[in-house]
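Below is one structure, written out as structure tokens, with a few remarks after it.
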Amino acid sequence: MSTKGSRDYRPLLHFTPPSMWINDPNGMVYVDGTYHLFYQHYPKEAHWGPMHWGHAVSKDLLHWKHLPIALYPDEMGYIYSGSCVYDRKNVSGYGTEENPPLVALYTNHATDGLERQCLAYSTDGVHFEKTIHNPVIPNPGLRDFRDPKAFYNPVKDCWSLVLAAGDRVHFYSSEDLKHWEKTGEFGPEGNHSPGIWECPDLFRVKTEDGDSLWVLVVSMLMPTENGRSRTQYFLGDFDGDRFTVTEKSEEPMWLDFGFDNYAGVTFQNTEEPVLIGWASNWEYANETPTGEYCGQMTLGRKLHAGKTEKGLRLISGFAGTDVLTAEMEPVGEQKELKSETFALRLKGTKKLVFANGNGEQLTVEVTEDEILVNRSSAGEKGFQESFGTERYSRLRVPRLRKDGELVMIFDVSVAEILADDGAVPITLTFYPTQPYDRLVTEGSGEVWISSAP
Ligand code: FRU
């Protein structure tokens, strides 16, 4: 058991594993009022290791119940990231029409690095059986070939999946979830950031003018100097086989501008897309000073597309957190913080300083043109060499909707900021050695704060 960690940093609202290591969200699916969240999990140590799929369920995306580990490593390798679908018509034949199965598609990563896509199914939503026909998609000779995200394809009325293949994604489709045929690729042209593509997702979002368009989300594993782990997206069209960009951009479009939101994908079978990401960064994820657990998820994020100063972009809203923002009280120049978990709203321009008695502080500032975040003196930072550097301490993000408000959910050691009415999401972790006990504000904007229920 790991001995790292100096105090309890476990967030209250953000999903964490019962203990030990967590990374990517996997298999997210909504069935009969229940959200299933599976996740990359190493249950023996508080760092990455042989990957399992952990499992939890929730009715509201805030309160989670832990379930037994769903998938264990096997003779084909570790269980890497993947997805689940609710096979309502039982096209796979693994359930019945009265009791449709959950079908999981995931990557087996062998000890020699070979990556292949495999299938497991469940008829009770808890226990999974791997099919003897695995792999269902063999490796075509690629080093990186992983993270299948299956989704219902409304254009061809079949199942499709998108997976990451080095510097691009591949699309496949299937009638029965078992036999898959490749239908196309996207990338690397159109990509503006260096790195290995991981954890793709393809889904449709509504636009604010009543239309809809397709979003291809890709997590980018980048060099240290580029921020290491960040999630990019492309806006465009899907003809049932292939994705094409319609909203061209000369720079990457980021799903989140913070340090800590990676590998995010959406739930299958929800009415509108709800995304959850892993709230960490491969640059330092294994070294964070959190003791008996390591890593957490973001909150649920509802997504749509809307016009911004730079054109059409994804707009994020919190999913399931209305209870936190329902009752809020105004904050003056100074406010004592009695809780480490709260929501905050800011209208206008202002600087917010969260401070503690050990001289540590986290600052968030909205100016006319930028959103600034500084965690360089927020708390512990010596646990890993990059964490305290300028690149990994300060953010300066140009504003995308200048009259927009900011909502922030602060949760012990992780905060999610949706600035500019959700056009500028920023997720970050920080490790104050004592709770911040006061909020000091400067500037003309108005601030409201709530306490967690
Ligand atoms: C992304 C990732 C995936 C892979 C998994 C392994 O964070 O590298 O590509 O499936 O983590 O845990």
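Here is a yes/no grid of residues against (1) among the small types (Gly, Ala, Ser); (2) over 24 Å from Leu163 (Cβ atoms); (3) touching a residue at least 60 places away in the same chain (Cβ under 8 Å):
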site: His55; (1), (2), (3): no, no, yes
site: Asp60; (1), (2), (3): no, yes, yes
site: Tyr72; (1), (2), (3): no, no, no
site: Glu75; (1), (2), (3): no, no, no
site: Ser81; (1), (2), (3): yes, no, yes
site: Thr96; (1), (2), (3): no, yes, no
site: Thr107; (1), (2), (3): no, no, no
site: Gly113; (1), (2), (3): yes, no, no
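Could you tell me which numbered condition Lys402 fails, if it satisfies all but one of (1) among the basic types (Lys, Arg); (2) in contact with a Phe, Trp or Tyr (Cβ under 7 Å, 6 or more places away or on another chain); (3) more than 17 Å from Val440 (Cβ to Cβ)?
Looking at each condition in turn, Lys402 falls short on (2).
Sort out which residues of the range 417-440 are crowded, with 19+ Cβ neighbours inside 10 Å and hydroxyl-bearing (Ser, Thr, Tyr), and write them in order of number.
Within the range 417-440, Thr427, Thr429, Tyr431, Tyr436 meet the criteria.
Take residues that are touching a Lys or Arg at 6+ places or on another chain (Cβ under 7 Å) and within 16 Å of the ligand (Cβ to nearest atom) and tell me which of the strands (runs of 3 or more DSSP E) falling wholly in the range 184-288 contain 3 or more. Let's see the steps before the verdict.
On the way: elements: 196-206, 212-221, 229-238, 243-245, 262-266, 274-278.
The qualifying strands (runs of 3 or more DSSP E) are 196-206.
In the range 350-389, which residue that is of a type in the set (Asp, Glu) and surrounded by 17 or more Cβ atoms within 10 Å (Cβ to Cβ) is farthest from the chain's Cα centre (by Cα)?
Just the residues of the range 350-389 that are of a type in the set (Asp, Glu), to begin with: 360, 365, 368-370, 380, 385.
Those still in the list that are surrounded by 17 or more Cβ atoms within 10 Å (Cβ to Cβ) too: 360, 365, 380.
On the way: Glu360: 28, Glu365: 24, Glu380: 24 Å.
The qualifying residue farthest from the chain's Cα centre (by Cα) is Glu360.
Does at least one position in the range 72-85 carry a residue that is surrounded by fewer than 21 Cβ atoms within 10 Å (Cβ to Cβ) and either under 30 Å from Asp322 (Cβ atoms) or among the polar types (S, T, N, Q) (or both)?
Within the range 72-85, not a single residue is surrounded by fewer than 21 Cβ atoms within 10 Å (Cβ to Cβ) and either under 30 Å from Asp322 (Cβ atoms) or among the polar types (S, T, N, Q) (or both).
Where residues in the range 293-320 are out of contact with any helix residue (DSSP H, G or I) (no Cβ under 8 Å at 6 or more places or on another chain) and not in a strand (DSSP E or B), which of them is modelled with the lowest pLDDT?
Gly320
Could you identify the single residue in Tyr35, Tyr39 that is buried (at least 18 other Cβ atoms within 10 Å of the Cβ) and in contact with a Pro (Cβ under 6 Å, 6 or more places away or on another chain)? Talk me through it step by step, then tell me what you get.
Details: Tyr35 fails: in contact with a Pro (Cβ under 6 Å, 6 or more places away or on another chain).
Going through Tyr35, Tyr39 in turn, the sole match is Tyr39.
Report, by residue number, each residue of the range 46-88 that is over 20 Å from Ala263 (Cβ atoms), in contact with a strand residue (DSSP E or B) (Cβ under 6 Å, 6 or more places away or on another chain) and within 16 Å of the ligand (Cβ to nearest atom).
Scanning the range 46-88 gives Tyr72, Met76.
For a quick check of your reading of the model, give me the residue pairs whose first member lies in the range 163-179 and is at pLDDT 95 or above and away from the ligand (no atom under 16 Å from the Cβ), whose second is part of a loop (DSSP other than H, G, I, E, B) and of a type in the set (A, V, I, L, M), with beta-carbon atoms closer than 7 Å and at least 6 apart or on different chains.
Close Cβ pairs (under 7 Å, with a partner that is part of a loop (DSSP other than H, G, I, E, B) and of a type in the set (A, V, I, L, M)) amount to Glu175/Val91; Asp176/Val91; Leu177/Val91; Lys178/Val136.
Check off (1) closer than 26 Å to Ile276 by Cβ; (2) modelled with pLDDT of 95 or more for Asn358 and give me the number that stays unchecked.
Going through (1) closer than 26 Å to Ile276 by Cβ; (2) modelled with pLDDT of 95 or more one by one, Asn358 breaks only (1).
The values are calculated or read from the model by the stated rules, or taken from the named source; none is laboratory data. These numbers come from a predicted model, not from an experiment. A quick note on method: Cβ atoms are made from the backbone with ideal geometry, for glycine too, and the neighbour counts reach across all protein chains shown.
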